[in-house]
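Any read-out appearing in this document is the output of simple, stated calculations on the displayed coordinates, not a laboratory observation. Note that the coordinates shown come from a computational prediction; the quantities given were computed from them, not determined experimentally. Here Cβ is always computed from backbone atoms with ideal geometry, including for glycine, and neighbour counts include all displayed protein chains.
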Amino acid sequence: MVQGQSTSDNRYTVMGSLSVVFWGMVAGFERLTTQTFGTQLGAAVMYLFAVALVFLLMRPERPSAYGWKYILFSGATFAMTDIFFAFSVGLSTTPQQVVEVSIVNYLWPTLVVLANLAVDRNTHANWLIVPGTLLATLGVATVVGGDSGFNLAGIVANVGSNPLPYLLALLDACSWTTYSVVTPRISKGKNALPYCFMATMLSTWTIWLVTSLATGWLLPEPGSISPVSFVAPVLAALVLVGGYYCWNVGILRGSMRVLSIVSYMTPVCNGIASAIILQVSLGVTFWVGLFMVVTGSILSFVATRQKEPVGKHAR
């Protein structure tokens, strides 16, 4: 037991740590969903189930109770984050690329540290911030390079074969950084997560409808849908909402310091879960790059000093 921490607090810390396992499975189940329903409709179906689940779990207050600045800004940045991630996964051409773009997304812990340094006068950093940032960035580049690792020509060729998913994954990291840095300053301690999920659901259905009207209805092939087809989006919704729910319980009642460190293991869980769910073999180069991302993120976190640990809004 951590000194000064009750058994109850430890239990909530363990529950918060489970979020890392849940989030690690999101990319795999999202990919299975989009393979059946398509990128746009798959994301819409998944978030329909997610909204139903999160409202059952959290039963939020009326939107006005949270303040419209919080609802509108955080809802918008949360929705952009989840849409960018879902589409980066859905538009990937191979299971290997799904794993690669999900690791690009995990630049966000380092970006959160740097953003907090820029906007928070109470946050300071020592020299470790430099090697931490460089190591995390080089780690992502190594993963994106595929079998050739950190090789500029290999990276350019790999990204150039299908650049949009990588761009969306990078935008995902940037939008989540914005959400993580700004939301604590405007939320007044409240948690409007259900409405953030609702904003995402409405956005995904709107994207599907507008795209369908412009190009023709984006529907699965006739006869390809059965009750079994909905297992993947339901599982995707469960692990997505389960991750957020466990994380919120953990940060409210458990050890934030422990959870901040544990959150950096999310890309490791993602790599393992994606390899199992999508049946993709990940080479040594991938694991070396992943180790660099995790180590660099932890160094960046350790380099900062503030009253409240960075990473409060991890995922």
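What nm value, rounded to one decimal, do you get for the distance between Val119 and Arg59 when each label is placed 7 Å out toward the C-beta?
With each label placed 7 Å out from Cα toward Cβ, I get 3.3 nm.
Counting other beta carbons within 10 Å of each Cβ, put Glu30, Glu100 in order, fewest first.
By the 10 Å Cβ count, ascending: Glu100, Glu30.
Using the beta-carbon distance between Ile276 and Thr215 and R0 = 45 Å, what value does 1/(1 + (r/R0)^6) give for FRET efficiency, to the nearest 0.05?
The formula returns an efficiency of 0.85 here.
Of Leu56, Leu171, Leu32, which is the most mobile in a GNM of the chain whose springs link Cα atoms less than 10 angstrom apart?
Leu56
Please identify, among Ser17, Ser88, Ser187, the residue showing maximal mean-square fluctuation in a Gaussian network model of the chain using a 10 angstrom Cα cutoff.
Highest fluctuation among the options: Ser187.
Using the Cα atoms as the points, what is the convex hull volume per residue of region 81-189 in Å³?
So the per-residue hull volume is 103 Å³.
Once you order the gyration tensor axes a ≥ b ≥ c over the Cα atoms, which shape class does region 14-145 get: rounded for a/c under 1.5, otherwise prolate or oblate by comparing a/b with b/c?
oblate
Could you sort 206-215, 41-50 so that the peptide with the highest average Cβ count within 10 Å comes first and the rest follow in order?
Highest-to-lowest ranking by the protection proxy: 41-50, 206-215.
What distance in nm separates the simple spin-label points at Val130 and Ile186, each placed 7 Å from Cα in the Cβ direction?
Each label point lies 7 Å from its Cα, and together they span 3.5 nm.
Any chance you could check the Cα centroid distance between region 221-295 and region 69-110 for me, in angstrom?
13 Å
Which of rounded, prolate, oblate describes the chain, given a ≥ b ≥ c as roots of the alpha-carbon gyration tensor eigenvalues and a/c under 1.5 marking rounded, otherwise prolate only if a/b is larger than b/c?
Oblate, because a/c is 1.5 or more while a/b does not exceed b/c.
Which log10 I(q)/I(0) values, to two decimals, does region 24-68 give at q = 0.16, 0.21, 0.34 Å⁻¹ under the Debye formula with one point per Cα?
Values returned for q = 0.16, 0.21, 0.34 Å⁻¹ are -0.57, -0.75, -1.11.
Rounded if a/c is under 1.5, else prolate if a/b is larger than b/c, else oblate: which is region 140-276, with a ≥ b ≥ c the root eigenvalues of its Cα gyration tensor?
Oblate.
Within the chain, which whole H helices from DSSP have a Cα span along their axis of at least 24 Å and a mean Kyte-Doolittle hydropathy of 1.0 or more, if any?
39-58, 68-90, 193-215, 231-253, 284-303
Using the count of nearby Cβ atoms within 10 Å as a rough guide to exposure, how do Arg253, Arg62 rank from fewest to most?
Least crowded to most crowded, the residues run Arg62, Arg253.
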